[in-house]
1. For segment 6-189, what's the relative contact order in percent, using C-alpha pairs closer than 8 Å and at least 6 residues apart?
2. Taking 4 °C and 1.567 mPa s as the conditions, I'd like the Stokes-Einstein D for segment 67-106 in µm²/s, using the Kirkwood hydrodynamic radius from alpha carbon pairs.
3. How high is the relative contact order of segment 80-203, in percent, with contacts defined as C-alpha pairs under 8 Å that are six or more residues apart?
4. Enter the mean projected area of the convex hull around the alpha-carbon atoms of segment 88-203, in nm², rounded to one decimal.
5. Which order do 189, 147 fall in if you start with the one that has the fewest other Cβ atoms within 10 Å?
6. What is segment 118-184's relative contact order, in percent, from Cα pairs under 8 angstrom and six or more apart in sequence?
7. Taking the chain as a Gaussian network, Cα atoms linked when under 10 Å apart, which of 123, 70, 112 shows the biggest mean-square fluctuation?
8. Roughly what would the spin-label model give for residue 46 and residue 34, points 7 Å off Cα along C-beta, in nm?
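A short reminder: the numbers here are calculations on the coordinates, not readings from a lab. Every value quoted in this text rests on a predicted model; they were computed, and no experiment measured them. Here Cβ is always computed from backbone atoms with ideal geometry, including for glycine, and neighbour counts include all displayed protein chains.
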């Protein structure tokens with residue numbers, strides 16, 4: 001597996017939407033920040049509500065503190081989800097791709113049908129059209145036929161779907177280990193090195 005050093009990579013676009021799964025978002029941001037990975041952060045209005053409900057993160061200032069304020073300021077640029085003219089909305093603004101974690105089914109639907117109404121949805125559209133990586137982390141159950149078809153549609157368009165469905169073969173003993181299981185898979189697909197748990201070996 002080949003990882004890209006922080007200093008030589010374009011920013012990762014990181015979006016947080018209103019699907020359940022705030023602990024995944026907070027932990028992923030912490031991992032990007034501690035390694036000072038250049039990050040363009042976009043949080044939707046429902047994303048902020050989710051962060052407060054599930055992780056007691058009431059606003060951007062609280063998220064900055066939870067991620068590590070000094071490193072956050074060094075590598076994170078925050079964009080308003082209502083600003084569809086911001087840098088992530090343009091294909092001419094280079095990025096290392098995009099991750100939406102967690103990703104609501106409404107966001108999946110907008111991406112699948114190209115009906116971008118926000119910066120998050122437009123940035124995802126840009127990632128697909130520019131043939132950059134797009135990783136979505138949906139958390140919904142059960143899945144309707146509409147959900148499934150939309151997930152298939154974005155996969156055909158080039159996205160990678162990583163459901164927030166942790167495994168148990170590593171015998172987790174805490175919720176944090178379950179969270180890390182998913183975050184580790186996301187980091188792998190972003191080519192970001194990490195030490196979140198041991199890798200599987202048959203030996």
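1. 24
2. 104
3. Over segment 80-203, the number comes to 23 percent.
4. Spelled out: convex hull of the Cα atoms, projected over all directions, averaged, 8.5 nm².
5. Ascending number of Cβ neighbours within 10 Å: 189, 147.
6. Dividing the mean separation by the residue count of segment 118-184 yields 31 percent.
7. 70
8. Calculated label separation equals 3.1 nm.
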